[in-house]
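Q: Take this structure, written in structure tokens, and hold onto it; I'll ask about it next.
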Amino acid sequence: MKMFDIIARKRDGKALTYEELEFFVNGIVSNKIPDYQTTALMMAIYLNGMSRRETSELCMLMANSGDTLEFSDEYITVDKHSTGGVGDKTSLIVAPVAAACGLTVAKMSGRGLGHTGGTVDKLESIPGIIMDMSMEQFEDNYKKTGLCLSGQSGNMVPADKIMYALRDVTATISSIPLIATSIMSKKLAAGAKNIVLDVKTGSGAFMENPEEAFDLAEKMVDIGTANGRRVSALVTMMDNPLGRTIGNSLEVLEAAEILKGEHVGSDLYNVSVALAAELIHMTSGKTIGEATETARKKIKDGSAYKKLCDMIVAQGGDASVIENGDGLKKPLYTHEIISPEDGFVVSIDAKTIGIISMNLGAGRSKKTDPIDYSAGIRILRKPGEELKKGEPMAVFYSDIKDMSELEKKYLEACEISDTQLPERKLILGRVTKGKIEEY
Ligand code: URA
């Protein structure tokens, strides 16, 4: 078999066989296929797409290209993935709620890059916590508390690492089959039998328009179910930041507040409960309505909050800091953004806010950049809320003294109107095996 012929077949719109896909994945991982041929094939996939069978087979081959996790059947394992957003700390809420229901969450998460954050960075703002742990410690922890959130192990899905890095520099990121296989290969390798996906759409998301987001959701559900997992996806809005905080320690504290029963009915609460309900529904036989009630109850009775504290302690962290923030690094400076006019907030562009937060020190523009765990933004006036001229509408936190340029960008990112617009939908729909429900 020759890589040249595989590229030519995909260029001509043919479906690749299992053997051809296997040749490709084995070839890139063993360094036998040069980057120019890998990128040529990915461009041909970008232009001509892939069938259901090809997508599912490529994904499984990628998932098995490195280490994989396996769990004994005594654990009901669940996982959650978000396609990335601004202020998205739902993993810190969904995982403890699921664990409080007796489900096992042994989840490997990523770090943030660009305008989106990562669960590992958020948790690393907690003094003492260990996110890069050995496999033995990972196992000990999920067996003990039912909940372990860690960084990615060294050699999981190497095929995706190679493909993703090349896609990033060859304009082939935004291909639905390549995104679907990239995300789902990591989920399949991570071993959980039950998976909920939060596919974001809007200005702060990968998939800016809802049709593409539903398409991606459908493909990912399809791949997961074809490979023996229970998978459902919610398509949720990411045109405004989720919740009121962006930045690592700020987001941990906001997630802790939700788990302590605060902010009931907020956007963050509603999306988190809906995602947790999917996992409860698929593992218990409860209806979505009953599962939603269960998720709410686990927040209200404090058991989910206790799970988060137990997890932090098991990972060597100081759980007392999430009580009220004492013990977390504080920023050198805070800066209030003052409303220039009376009115109502219509929207706050999520992507711009993510970039401002990154520039305040909370994120990285390249993988090796250091981050400031205390930096970020607190939004005081969210879309739909009233503004009074001269009153603070947001607060910046940073070790950088001069925040005036970023303040200008924040004001530009906020659309203000004289009239209050009707509330917009947060959850656009749900995708399960062979079924799309638009809300
Ligand atoms: N996230 C991933 O992990 N892979 C993609 O291709 C896009 C988003």
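Q: Could you tell me which numbered condition GLY261 fails, if it satisfies all but one of (1) buried (at least 24 other Cβ atoms within 10 Å of the Cβ); (2) over 26 Å from THR77 (Cβ atoms)?
A: If we test GLY261 against (1) buried (at least 24 other Cβ atoms within 10 Å of the Cβ); (2) over 26 Å from THR77 (Cβ atoms), just (1) comes out false.
Q: Another question, then. Which helices (runs of 4 or more DSSP H) does the range 299-409 wholly contain that include 3 or more residues that are open to solvent by 20 Å² or more (accessible area, probe 1.4 Å)?
A: By residue number, 303-314, 350-357.
Q: Something else: Name every residue in the range 181-195 that is within 9 Å of the ligand (Cβ to nearest atom) and more than 15 Å from LEU21 (Cβ to Cβ), in order of residue number.
A: Once the filter is applied, which keeps residues that are within 9 Å of the ligand (Cβ to nearest atom) and more than 15 Å from LEU21 (Cβ to Cβ), the range 181-195 yields ILE183, LYS186.
Q: Quick one: in the range 185-228, of everything that is open to solvent by 40 Å² or more (accessible area, probe 1.4 Å) and assigned to a loop (DSSP other than H, G, I, E, B), which residue is modelled with the lowest pLDDT?
A: PHE206
Q: Scan the range 126-180 residue by residue and report those that are exposed (fewer than 14 other Cβ atoms within 10 Å of the Cβ) and within 16 Å of the ligand (Cβ to nearest atom).
A: ALA165, ASP168, VAL169, ALA171, SER174 - these are the residues of the range 126-180 that are exposed (fewer than 14 other Cβ atoms within 10 Å of the Cβ) and within 16 Å of the ligand (Cβ to nearest atom).
To keep it simple, each residue is scored yes or no on (1) touching a residue at least 24 places away in the same chain (Cβ under 8 Å); (2) out of contact with any Lys or Arg (no Cβ under 6 Å at 6 or more places or on another chain); (3) under 26 Å from ILE280 (Cα atoms); (4) among the small types (Gly, Ala, Ser).
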position: THR119; (1), (2), (3), (4): yes, yes, yes, no
position: GLY128; (1), (2), (3), (4): yes, yes, no, yes
position: ASN141; (1), (2), (3), (4): yes, yes, yes, no
position: CYS148; (1), (2), (3), (4): yes, yes, yes, no
position: PRO158; (1), (2), (3), (4): yes, yes, no, no
position: ILE183; (1), (2), (3), (4): yes, yes, yes, no
position: LEU188; (1), (2), (3), (4): yes, yes, yes, no
position: GLY202; (1), (2), (3), (4): yes, yes, no, yes
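Q: Conditions first: (1) within 16 Å of the ligand (Cβ to nearest atom); (2) within 27 Å of ALA276 (Cα to Cα). TYR75 passes all but one, so which condition is the exception?
A: (1)
Q: Is the range 200-212 home to any residue that is in the same structural domain as SER284 (by TED's automatic domain parsing), away from the ligand (no atom under 13 Å from the Cβ) and of a type in the set (A, V, I, L, M)?
A: Within the range 200-212, not a single residue is in the same structural domain as SER284 (by TED's automatic domain parsing), away from the ligand (no atom under 13 Å from the Cβ) and of a type in the set (A, V, I, L, M).
Q: I need the full set of residues from the range 325-347 which are out of contact with any Asp or Glu (no Cβ under 9 Å at 6 or more places or on another chain) and hydrophobic (A, V, I, L, M, F, W, C), in order please.
A: Across the range 325-347, the qualifying residue is only LEU328.
The values are calculated or read from the model by the stated rules, or taken from the named source; none is laboratory data. Since this is a predicted model, take the numbers as computed values, not measurements. Heads up, the Cβs are rebuilt from the backbone with ideal geometry, glycines too, and the neighbour counts pull from every protein chain shown. For accessibility, only protein heavy atoms count, side chains too; no ligands or nucleic acids. Shrake-Rupley method; radii C 1.70, N 1.55, O 1.52, S 1.80 Å.
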